[in-house]
Amino acid sequence: MKVSGNTVLITGGATGIGLALAEKLAGLGNEVIICGRRAARLEEARIKLPHLHTRRCDISKENEREELFKWIESNFKNFNVLVNNAGIQRRIDLRKGREDLSGNEDEIEINLRSQIHLSALFIPLLSKRKEAAIINVSSGLGFVPMSSFPVYSATKAAIHSFTISLRHQLRSTPIKVFEVVPPAVHDTELKGRPAQKTEYSISAWEMAGAIVEGLENDRYEISAGAAKKWIEASRRELDEAFSSINRLE
Ligand SMILES: NC(=O)c1ccc[n+]([C@@H]2O[C@H](COP(=O)([O-])OP(=O)(O)OC[C@H]3O[C@@H](n4cnc5c(N)ncnc54)[C@H](OP(=O)(O)O)[C@@H]3O)[C@@H](O)[C@H]2O)c1
């Protein structure tokens, strides 16, 4: 797909991979809209990148997703790219029964249900465009689960599956469907991720570069670093990777 001249919504675009992608895409001549829950973070992003459009939205809430859609539809006549990037990661120890499952943030709601619902909301609008795209951010952990993040890993595996079906269903529409499969990315706010660089991690800026390069070349599964091997690995290689990353836990 072309990587300039688009109007793009990046959910969770005020930090991490989303913000790096917003910066890359804005620099390439795209109109970029970001959304997230924290007003202060959105404002910091807008100060850094003054052409950004920002919108406060909790995508885990159905009514807020619908309001976001209506706002985009009425304010951005050329809107053509949805990036389902927002996500959270929680450490959950099921040996404690339900204890870790409670809390006010739900990974299934944020990482999975909202991506499905936002895709469905935007498809009729995107279908009217000459060129359009839905870009879903999954994770290497959707291919090789990390047992301390069991629900997170499961939501990302589900996003992988959902994206394959969506791509197939939309194959005769103008909407291209991409999946982004990041490895560990260090300079983001995702809980449980390394804040500093490790030998296994790449930067959000490097990940954003890989995304732009993948979009430009119509590579429908875009990855980088360790996750690049995992998206093509055999079952035996996936089992070996599972043993290796879970040995650290
Ligand atoms: N970092 C990694 O190692 C890594 C690896 C593989 C995949 N990923 C995926 O990459 C994506 C981006 O994550 P990141 O690493 O860049 O972490 P991040 O810096 O924490 O970015 C996630 C963004 O999502 C937003 N968000 C979370 N819940 C939201 C909600 N309910 N409504 C609206 N926005 C919400 C957050 O902003 P607010 O809190 O202000 O809402 C935040 O800006 C995620 O899907 C993540 O699973 C990350």
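The values are calculated or read from the model by the stated rules, or taken from the named source; none is laboratory data. Source: prediction; values computed, not measured. Glycine gets a Cβ as well: all are built from the backbone with ideal geometry, and neighbour counts include every protein chain shown. What goes into the accessible areas is simple: the full protein's heavy atoms, side chains included, and nothing from ligands, DNA or RNA. Shrake-Rupley method; radii C 1.70, N 1.55, O 1.52, S 1.80 Å.
Per-structure values
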{"read-out": "Glu62-Asp218 pseudo-label distance in nm [points 7 Å out on the Cα-to-Cβ vector]", "value": "3.7"}
{"read-out": "The chain: calculated mean residue ellipticity at 222 nm from DSSP helix runs of at least 4, using -39500 (n - 2.57)", "value": "-13000 deg cm²/dmol"}
{"read-out": "Rg/Rh ratio calculated on Cα atoms of the chain (Kirkwood radius)", "value": "0.95"}
{"read-out": "Cα long-axis angle, helix 62-75 against the chain (0 to 90 degrees, to the nearest 10)", "value": "30"}
{"read-out": "With every protein chain in place, region 1-135: carbon and sulfur % of accessible area (1.4 Å)", "value": "50"}
{"read-out": "Residue-by-residue Karplus 3J(HN,Hα) for region 200-214, coefficients 6.51, -1.76, 1.60, Hz, glycine and proline x", "value": "9, 9, 10, 8, 4, 5, 5, 5, 5, x, 5, 5, 4, 5, x"}
{"read-out": "Interchain or long-range residues, amide H under 5 Å from Val180's placed H", "value": "Asn136, Val137, Ser138, Ile222"}
{"read-out": "Hull shadow area, averaged, region 103-249 [alpha-carbon convex hull, nm²]", "value": "9.5"}
{"read-out": "Rounded to whole Hz, the Karplus (6.51, -1.76, 1.60) HN-Hα couplings of region 18-35, x for glycine and proline", "value": "x, 5, 4, 5, 4, 5, 4, 5, 4, x, 8, x, 9, 8, 10, 10, 10, 9"}
{"read-out": "Rounded accessible area per residue of region 136-249, 1.4 Å, Å²", "value": "50"}
{"read-out": "Rounded D (µm²/s) - region 58-118, Kirkwood Rh over Cα pairs, Stokes-Einstein at 25 °C, 0.890 mPa s", "value": "183"}
{"read-out": "Peptides ranked, highest mean first, by Cβ atoms within 10 Å: ranges 108-121, 48-61", "value": "108-121, 48-61"}
{"read-out": "Relative contact order (%) - criterion: Cα under 8 Å, at least six apart; region: region 7-247", "value": "19"}
{"read-out": "Long-range amide H partners of Ile34 with built H, under 5 Å", "value": "Ile10, His53, Thr54, Arg55"}
{"read-out": "Anchor Lys176: aspartates and glutamates whose Cα lies under 20 Å away (excluding residues fewer than 8 positions away in-chain)", "value": "Glu31, Glu73, Glu131, Glu213, Glu216, Asp218, Glu221"}
{"read-out": "10 Å-binned pair-distance histogram of region 1-110 (Cα, whole percent)", "value": "14, 42, 28, 11, 5, 0"}
{"read-out": "Computed Rg/Rh of region 10-52, alpha carbon atoms with Kirkwood Rh", "value": "0.91"}
{"read-out": "Euclidean distance between Cα centres, region 136-204 to region 7-76, Å", "value": "19"}
{"read-out": "Relative packing of peptides 227-239, 91-103 - highest average C-beta neighbours within 10 Å first", "value": "227-239, 91-103"}
{"read-out": "Nearest 10 degrees, 0 to 90: helix 114-127 Cα axis against the chain principal axis", "value": "30"}
